[in-house]
1. In segment 201-231, what residues are within 14 Å of Ser185 (Cα to Cα) and buried (at least 23 other Cβ atoms within 10 Å of the Cβ)?
2. Provide a single number: the residues in segment 149-171 that are touching a strand residue (DSSP E or B) at 6+ places or on another chain (Cβ under 8 Å) and crowded, with 24+ Cβ neighbours inside 10 Å.
3. What about Thr113, is it under 18 Å from the mean Cα position of the chain (by Cα) and touching a residue at least 60 places away in the same chain (Cβ under 8 Å)?
4. Looking only at segment 123-130, decide whether some residue is surrounded by fewer than 24 Cβ atoms within 10 Å (Cβ to Cβ), in contact with a strand residue (DSSP E or B) (Cβ under 7 Å, 6 or more places away or on another chain) and either within 30 Å of Phe342 (Cβ to Cβ) or modelled with pLDDT of 95 or more (or both).
5. What's the number of the condition Glu409 fails, among (1) charged (D, E, K, R); (2) free of Cβ contacts under 8 Å to residues at least 12 places away in the same chain; (3) surrounded by 16 or more Cβ atoms within 10 Å (Cβ to Cβ)?
6. List the helices (runs of 4 or more DSSP H) that sit entirely inside segment 378-478 and contain at least 3 residues that are within 18 Å of the chain's Cα centre (by Cα) and either closer than 30 Å to Asn147 by Cα or among the aromatic types (Phe, Trp, Tyr) (or both).
7. Does segment 313-326 contain at least one residue that is in contact with a helix residue (DSSP H, G or I) (Cβ under 9 Å, 6 or more places away or on another chain), within 14 Å of the ligand (Cβ to nearest atom) and not assigned by TED's automatic domain parsing to the domain that holds Gly106?
8. Kindly indicate whether Ser363 is closer than 29 Å to Ser382 by Cα and among the hydroxyl-bearing types (Ser, Thr, Tyr).
Amino acid sequence: MVEFNFSKSNLPKQLFINNEYLGSKNSRKLEVFDPKDGSLVANDVDLAGEHDVDIAVAAAEKAFPAWKKMAPNARRDIMLKFASLVEKHGVALAELTRVTLGAPYGSFGMFETGLAAESFKYNAGWIDKFAGESYPQEDGFLKIVRNEPLGVTVGIVPWNAPLGTAGLKAAPALCTGNCFILKPSEKTPFASLALGPLIIEAGFPPGVFQVLSGDGSTGALLASHMRIRKVSFTGSIPTGKRIQEAAAKSNLKRVTLELGGKSPAVVFDDCNLENAITWTANALTANTGQVCFAATRVYVQEGIYDKFVEGYKTALLNKAKTIGDPEAESTQLGPLIDKAQFDRVSGFVERGRDQGTLLTGGSRIGDKGFFIEPTVFTNVNSDAEIITQEIFGPVAVLNSFKTEEEILEKANNTNFGLMAGVFTQDINRALRIASDFDSGMVGINCISLMFLTAPFGGTKESGIGRECGIAALKAFTDTKTIMINMTY
Ligand code: NAD
């Protein structure tokens, strides 16, 4: 039995294949850094190459027939045990994420570990309820529709919520009888790699649930693999497009894409002002703005614009006071993940100075690590890059508007369509706007939130397909129609 004894001083660095830790055959390794001071955390984390991928796929193919046929309650018990083990080791897993993500322990680190565990519990509950369909036999043929697992499936996840996004994919894949290979981000591999002992202890047979650390080259091998039947991807739009293309050029494997966002929050004169400020300020700063559905375009109706500006600025200045060492309990905002992300966000902020008026923030905090103030620009033209592009940091644009028609046009004038929010006490207007927003998710008097029970995902370039709820199970199955000749 492999003991779970991983921590910051005992990091998991090997691939988890067929219920064993194996050194990669690839001589290239991953380098990872601590974003609080930029120091090197490790330069010897395995990077799965072609040979490793092939071994894992072969193990998954071998495990699939028995896993698919396992009695539903036996599979459910394994899923539930795994969830309780993730909870039991939640503090250690969150630390393993924090060491390279920098997410503060209290506000985000534990949230996303808990999300992974909850996803296993929620999906375990579906195992004996994800029924098929049957259709009338009066035409002489009874039609039975079964939900069939696909086979070897893969989850490729980003760095911003490493274990949470892994749980959203692994749980529905496994509960529907698929084998699953997890490919964590090269920037946050440790919590995923540490799952090995928990996978074994929960009772997953060898080859059913495997973890391959690696970078985009590993992801590309998986996306183009001829014996992988599905890739569920969360990450950036350019990578999503590459994966879609690789899937099409290889074996037309199924693809789910959860991509970027530039979510508008539309705040009307008649809203509860305090509520609107609280949601929009939290939505910008959670995980230091490194959240796909963060409310980064805030539109406020003229009548309350000045009051909103004052309250939003104060709320963000208060947030800025909680920036600090991710290990400290008082810290709510950690650093950006790494130098590349810091340079990217800082670049947008610097160029933004010519695209609008800086209301608050705009500066680096300290000279070590990658800390940045929550930043807001006002009076920004609708074609400026800070309003059209995803920045993926705590940077928002705040503009005023006059009418409902005008604001719908502005809110929808984007290639993204992940989430939108409307703040008003007029229920008719709220529902009208909610149905006219071109986005996969809408909050009324709230924004930037999700539930495991309801579909999660975006329209337009924000993605294809949905996670969570029954949508996730459907995304990991194909239907099979069985036709029975009743006249024979
Ligand atoms: P990214 O696209 O750079 O990388 C995501 C993953 O894809 C990583 O594991 C990476 O190794 C892998 N990858 C890179 N190139 C690949 C290739 N050619 N083929 C296959 N895999 C490849 O994204 P990121 O920087 O890690 O994450 C930030 C992005 O993720 C943002 O755009 C954010 O909006 C998005 N995101 C979306 C959601 C959502 O649910 N919609 C949630 C979180 C993050």
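1. If the condition is that a residue be within 14 Å of Ser185 (Cα to Cα) and buried (at least 23 other Cβ atoms within 10 Å of the Cβ), then Val211, Leu212, Ser213, Gly214, Thr218, Gly219, Leu222 are the ones that fit.
2. Taking segment 149-171 first, the residues touching a strand residue (DSSP E or B) at 6+ places or on another chain (Cβ under 8 Å) are 149-158, 165-166, 168-170.
Keeping just the survivors that are crowded, with 24+ Cβ neighbours inside 10 Å gives 152-157, 165-166, 168-170.
Of the residues in segment 149-171, 11 are touching a strand residue (DSSP E or B) at 6+ places or on another chain (Cβ under 8 Å) and crowded, with 24+ Cβ neighbours inside 10 Å.
3. When the stated conditions are applied, Thr113 passes them.
4. Step one: of segment 123-130, the residues surrounded by fewer than 24 Cβ atoms within 10 Å (Cβ to Cβ) are 124-130.
Applying the additional criterion that residues be in contact with a strand residue (DSSP E or B) (Cβ under 7 Å, 6 or more places away or on another chain) yields 130.
Those still in the list that are either within 30 Å of Phe342 (Cβ to Cβ) or modelled with pLDDT of 95 or more (or both) too: 130.
The answer is yes; a qualifying residue exists.
5. (3)
6. Per the criteria, 469-475.
7. no
8. On the way: closer than 29 Å to Ser382 by Cα: yes; among the hydroxyl-bearing types (Ser, Thr, Tyr): yes.
It is true that Ser363 is closer than 29 Å to Ser382 by Cα and among the hydroxyl-bearing types (Ser, Thr, Tyr).
The values are calculated or read from the model by the stated rules, or taken from the named source; none is laboratory data. This is a predicted model, so every value here is computed, not measured. So basically every Cβ, Gly included, is an ideal-geometry build from the backbone, and we count neighbours across all protein chains shown.
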